[in-house]
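Undergrad: Next up is a structure, given as structure tokens.
Coordinate-derived values only; no laboratory data. In this text the structure is predicted, and so the values were computed from the model without any measurement. Ideal geometry is used to build each Cβ from the backbone, glycine not excepted, and the neighbour counts take in all protein chains shown.
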Amino acid sequence: MEKPISIEIWNASGKYRVVSSKPMPGTRWIRLLTDQDCRVEICTAEKTILSVDDILGLIGNKCDGFIGQLTEDWGEVLFSALRKAGGTAFSNMAVGYNNVDVDAATKCGISVGNTPGVLTETTAELAASLSVSAARRIVEADEFMRAGHYKGWLPNLFVGNLLKGQTVGVIGAGRIGSAYARMMIEGFKMNLIYYDLYQSTRLEKFVTAYGEFLKTNGEQPVTWKRATSMEEVLREADVISLHPVLDKTTYHLINKQSLATMKKEAVLVNASRGPVIDEAALVEHLKANPMFRVGLDVFEDEPFMKPGLADLKNAVVVPHIASASKWTREGMATLAALNVLGRIKKFPIWSDSNRVESFLDENSSPPSACPSIVNSKQLGI
Ligand SMILES: NC(=O)c1ccc[n+]([C@@H]2O[C@H](COP(=O)([O-])OP(=O)(O)OC[C@H]3O[C@@H](n4cnc5c(N)ncnc54)[C@H](O)[C@@H]3O)[C@@H](O)[C@H]2O)c1
Ligand SMILES: O=C(O)[C@H](O)CO
């Protein structure tokens, strides 16, 4: 980043120096830090994705804690620089932390925070939105109207897929995958098949109870099934949404072979991480199967799409906005700031990172704890 780096400073005389590589929504996160004697420095440079060198410049010679973004490459270089500057705390402003070398952070004695829970419903709602938008060809129809092509109602105009009574598939039934499954079951009376390394007992119990409710009301009950393999989901589901973490085991989880397993008229949604899908193979599959549709919030080479994807009418694409609701983004900023503040003040780790509501109440002081530190055990804190 060319000098001088543009920085917004809050509480300049603060004892602790906390740096944020991006402006974040709301101001509560700033006040929570300044109220605890932190000087807060926010990088306001226009450059979207900061390089390791840019961040080294921001860390400088004294930095107690750093709030970073999922677009940044946090490894040995940055964590040793942060340690050398006297730092002990880092937090991603994200629940996903595949951009962070956690082992490198632990080696440097740096805690790694993330922001689970506060973005679960927001992200699931976007995945549900992409499911409906793709199934019912909303974006194609919108473009058709705006271009003045509409000449009146026609029996075959933008015919899409019915969701009611169909099968929704979830790969990765964790926080967001379970919330998404519930939305599609409650909202569209879909039947569930899911694949995860772990049983999603709470989700299963919900679907069973909801099915009983529908039955007592004389309606067709919804059902659930835990698949023994991902391929079973791909074969049986009409709509499939991907919600696993991105790691070595889920890189290119969806590839040419798995795409060929799916129904020709299926809908595939991805609001997890782009590299979960072999995007070049997806482009070829979409070209060869015009009735197959996708809704994508994330991309393998963000911010770029693989060649050809932008031209495809059977793809709905949005720029990684799944967690972009005001409440969620302000909450993520708050959790990230409190992960850093908690470590600086040597607060304990919060008991349940899935239950973070008490940190998010604007009208009360948050618990004196770190909401979510992914390497707390390794650090012995
Ligand atoms: N697009 C966005 O803006 C956005 C927003 C939030 C989260 N995310 C992504 O979604 C991911 C999930 O978030 P979460 O809060 O639901 O996490 P989570 O940890 O609650 O759920 C992830 C689930 O994936 C499962 N899983 C891991 N490997 C798997 C595999 N090989 N096959 C099937 N399941 C597997 C885990 O068992 C777990 O249940 C995050 O890691 C992040 O990358 C994206
Ligand atoms: O991992 C996350 O939290 C998202 O990708 C950004 O909200």
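Undergrad: Is there a pair in Lys164/Lys205; Lys256/Lys313; Lys248/Lys377; Lys62/Lys248; Lys84/Lys346; Lys107/Lys248 whose C-alpha atoms are over 26 Å apart, and which pairs would that be?
TA: As for pairs spanning more than 26 Å Cα to Cα, those are Lys62/Lys248.
Undergrad: Relative to the Cα centre, what is the charge dipole magnitude of the chain, using +1 at the beta carbon of each Lys and Arg, -1 at the beta carbon of each Asp and Glu, and rounding to the nearest 20 debye?
TA: 460 debye
Undergrad: Note down the relative contact order for the chain as a percent, whole number, built from C-alpha pairs under 8 angstrom at least six residues apart.
TA: The value is 18 percent.
Undergrad: Taking GluC sites (Glu not before Pro) as candidate sites, keep only those in a DSSP loop with at most 10 other Cβ atoms within 10 Å, then name the longest stretch of the chain containing none of them.
TA: With a cap of 10 other Cβ atoms within 10 Å, the longest stretch comes to 47-361.
Undergrad: Please list, in order along region 156-163, the HN-Hα scalar couplings obtained from phi with the Karplus expression 6.51 cos²θ - 1.76 cosθ + 1.60 (θ = phi - 60°), rounded to whole Hz, x for Gly and Pro.
TA: Coupling constants for region 156-163: 10, 6, 6, 5, x, 10, 6, 9 Hz.
Undergrad: Whats the longest run of the chain with zero chymotrypsin sites (Phe, Trp or Tyr not before Pro) that are DSSP loop and have at most 14 other Cβ atoms within 10 Å?
TA: Of all site-free stretches, the longest is 199-381.
Undergrad: Give the Rg/Rh ratio for the chain, taking Rg as the radius of gyration of the Cα atoms and Rh as the Kirkwood radius, to two decimals.
TA: Using only Cα positions, Rg/Rh for the chain is 1.01.
Undergrad: Which of Ala179, Asn270, Val222 sits closest to the plus end of the dipole of region 120-317, meaning its Cα is farthest towards the positive end, when Lys and Arg get +1 and Asp and Glu get -1 on the C-beta?
TA: Val222
Undergrad: Follow-up question, since we're still on this one. Roughly what % antiparallel, to the nearest 5, for the DSSP beta bridges in region 120-317?
TA: So the antiparallel bridges amount to about 5 percent of the total.
Undergrad: Moving on to the next point. Sort Leu312, Leu119 so the one with the fewest other Cβ atoms within 10 Å of its own Cβ comes first.
TA: Fewest to most other Cβ atoms nearby, the residues stand as Leu312, Leu119.
Undergrad: Then there's this: Per residue and in cubic angstrom, what volume does the convex hull of the Cα atoms of region 1-158 have?
TA: It comes to 162 Å³ per residue, whole-number rounded.
Undergrad: Which whole-number percentage describes the relative contact order of region 120-317, with Cα contacts under 8 Å and a sequence gap of 6 or more?
TA: It rounds to 21 percent for region 120-317.
Undergrad: What's the angle, to the nearest 10 degrees (0 to 90), between helix 201-216's Cα axis and the longest principal axis of the chain?
TA: The angle comes out at about 40 degrees.
Undergrad: I've got another one for you. So for region 1-84: antiparallel DSSP bridges make up what percent, rounded to the nearest 5?
TA: In region 1-84, approximately 35 percent of DSSP beta bridges are antiparallel ones.
Undergrad: Now, a different point. At q = 0.15 Å⁻¹, what is the base-10 log of I(q)/I(0) for region 120-317 according to the Debye formula with one equal point scatterer per Cα and no solvent? Please give it to two decimals.
TA: -0.89
Undergrad: Now a separate question. Calculate the length of the line joining the C-alpha centroid of region 171-229 to that of region 321-381, in whole Å.
TA: 29 Å
Undergrad: Taking the chain as the reference, fit the longest principal axis to its C-alpha atoms, fit the long axis of helix 175-188 to the helix C-alpha atoms, and give the angle between the two in degrees, 0 to 90, nearest 10.
TA: Taking Cα atoms only, the helix is inclined about 30 degrees.
Undergrad: Something else about it: Under 15 Å Cα-Cα from Lys263, which aspartates and glutamates qualify once same-chain neighbours fewer than 8 residues away are excluded?
TA: Reachable aspartates and glutamates: Glu231, Glu232, Glu236, Asp238.
Undergrad: When the distances between all Cα atoms of region 52-137 are binned every 5 Å from zero, what whole-number percent does each bin get?
TA: With a bin width of 5 Å, the distribution comes to 3, 14, 22, 20, 11, 8, 8, 6, 5, 3, 1.
Undergrad: Sticking with this one: Write down the percent of antiparallel bridges among all DSSP beta bridges whose residues are both part of the chain, to the nearest 5.
TA: 15 percent
Undergrad: For the chain, what is the mean residue ellipticity at 222 nm derived from helices alone (per DSSP H run of n ≥ 4: -39500 (n - 2.57); sum divided by total residues; nearest 500 deg cm²/dmol)?
TA: The helix-only estimate for the chain comes to -10500 deg cm²/dmol at 222 nm.
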